[in-house]
Amino acid sequence: MVPQQLRHIAGHLLTPLLMCLGMGLAYLGAFHQPEPHHLQVAIVGDTPQVKVLAETLKDAGGNALEVVTLSSRDQAVDELRDRELSGAYVPDAPHPELLVAKAGSDTTAMAVQAVFGQVAAQQGAPLTVTDVAVPASGDPTAQGLFFLLVALSIGSYTSVAVIGAAGAGLPMWMRAVIGLVMSLAVSVIGIVLAGPVFHIVEHDYAAVWGMGWLYSAGIVAVGVGLHTFLKRWTTLALMVLFVMLNFTTAGGVYGPELQNGFFGSLHAFWNGAGFVEGARGLLYFDNAGLGGRLLSLVLWLAAGVLLVVVAARYERGWQAGAAAESSDSGTDSANAEPTESRHGRPISDAEIEEEIEEAVGV
């Protein structure tokens, strides 16, 4: 009996070990050495001196910097607000100015300031930093939307574990409806905390809430669909998709311009980046890039709905096959299922509790 219990425990302890390995690879791989990669910056002016400075920076920076020249300060502000630049330097001899947009990424603004702070120091003039997109009063580091993302994510994927285990005996359509309601509740909690409680979001509450619901519903739909096939391994799969690869690529701590190519490329289409960057565009940048980010959230939800449909058909086929087998063998199905059934096979209360306990919040 004891060896059997030890094997049982060892099987379940594999999950936290895999989570530890995955989190270490993801977080350390994404954040251990932030440095610029093709950081988009501009120097304002059309004089020969400006062009020489731009070429000098480009040569010195290599792949770290993408340097362009712009004709006017107003053009630089417009491109910053369109999120096409990370910073712009105005090399006025007595009073050089650096334009940044901290609401887009505070760490990126700091990286730009480090670059042009050295330029201004070489010119022997104090550098004035002007922020053209100031974060909300409750979010001075511009990372509050990322932490809202964390709350939405945990509420979403842990709901999947409960729905999949405790609701195992329910038909797929009913589990999907419960998931939709849970995602609504998670999104409402999120906007209440981010808005009136902590003032991370100061306007456009309805729009940010809608994006939060879309994001949460996508996670729940993917999870409910996957649960049919992965069972208790679903939580680990969701951790990979919506924590390890999601939090690290959302742009909340470091933007893609400060990450390596792998994590930077995922930022273009992963759902966490869709929510964070979409909300930033809505709140601070006159909807710049909002359409593409909304599309990514819709596509993630569509993928989840497709998974739910495929899982529902699989379950119906499984149940039909189990019913036919039971009929052929003359088995009394009522006696064969003393508890709930999962897709045609009996499950115990212990299995339900074990699977729910697999849900880990990070």
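The angle between the Cα long axis of helix 271-284 and the longest principal axis of the Cα atoms of the chain comes to about 40 degrees, rounded to the nearest 10.
Per-residue surface analysis assigns W318 an accessible area of about 100 Å², computed on protein heavy atoms at 1.4 Å probe radius. Here each label is just a point 7 Å from Cα along the line to Cβ, and for D78 and L299 those points are 2.9 nm apart. Let me test this: with uniform point scatterers at the alpha carbons of region 140-250, what is the Debye-based log₁₀ I(q)/I(0) at q = 0.09, 0.14, 0.23 1/Å? Summing over Cα pairs of region 140-250 leads to -0.24, -0.55, -1.19. Which FRET efficiency value, to the nearest 0.05, do you get for A93 and I189 by plugging their Cβ-Cβ distance into 1/(1 + (r/R0)^6) with R0 = 45 Å? It comes out at approximately 0.25. DSSP assigns beta bridges within the chain; of those with both partners inside it, close to 30 percent run antiparallel. Given the choices (i) 93, 44, 33; (ii) 75, 46, 37; (iii) 93, 45, 43, Cα extents along the principal axes in Å derived from the coordinates of this structure is entry (i). Residues I189, I43, ordered by accessible area of protein heavy atoms at a 1.4 angstrom probe radius and largest first, appear as I189, I43.
Among P48, P91, P16, the largest mean-square fluctuation in a Gaussian network model of the chain, built with springs joining Cα atoms closer than 10 Å, belongs to P48. Overall, the anisotropy analysis places region 87-156 in the prolate class: the square-rooted eigenvalues a ≥ b ≥ c of its C-alpha gyration tensor yield a/c not less than 1.5, with a/b exceeding b/c. Per the Cα gyration tensor, region 245-300 maps to an equivalent ellipsoid with semi-axes of 18, 13, 8 Å, ordered largest to smallest. Spatially, region 105-146 and region 27-93 are offset by 13 Å when compared through their Cα centroids.
Placing unit charges on each Cβ (+1 for Lys and Arg, -1 for Asp and Glu) gives the chain a dipole about its Cα centre, and among G29, V243, G167 the Cα reaching farthest toward its positive end belongs to G167. Backbone N atoms of region 174-211 closer than 17 Å to the 7 Å Cα→Cβ label point of S137 belong to residues 193-205.
Pairs of Cα atoms nearer than 8 Å and 6+ residues apart set the relative contact order; for the chain it is 18 percent. Students often get this wrong: which residues of region 210-239 have the backbone nitrogen under 17 Å from the point 7 angstrom along Cα-to-C-beta of T15? Label zone hits: 223-239.
Spin-label pair L170-R316: with each label point 7 Å from Cα along the Cα-Cβ axis, the two points sit 2.0 nm from one another. The mean sequence distance of close C-alpha pairs (under 8 Å, at least 6 residues apart), as a share of the length of region 40-171, puts its relative contact order at 20 percent. When the chain is treated as a Gaussian network with alpha carbon springs shorter than 10 Å, the biggest mean-square fluctuation among G138, G179, G264 belongs to G138. Relative to the dominant Cα principal axis of the chain, helix 290-329 is inclined by about 10°.
The values are calculated or read from the model by the stated rules, or taken from the named source; none is laboratory data. Everything numeric in this text was worked out from a predicted model, so none of it was measured. Because the Cβ atoms are built from the backbone with ideal geometry, glycine has one as well, and the counts that use them run over all protein chains shown. The accessibility values were calculated without ligands, DNA or RNA, using every heavy atom of the protein model including side chains. Shrake-Rupley method; radii C 1.70, N 1.55, O 1.52, S 1.80 Å.
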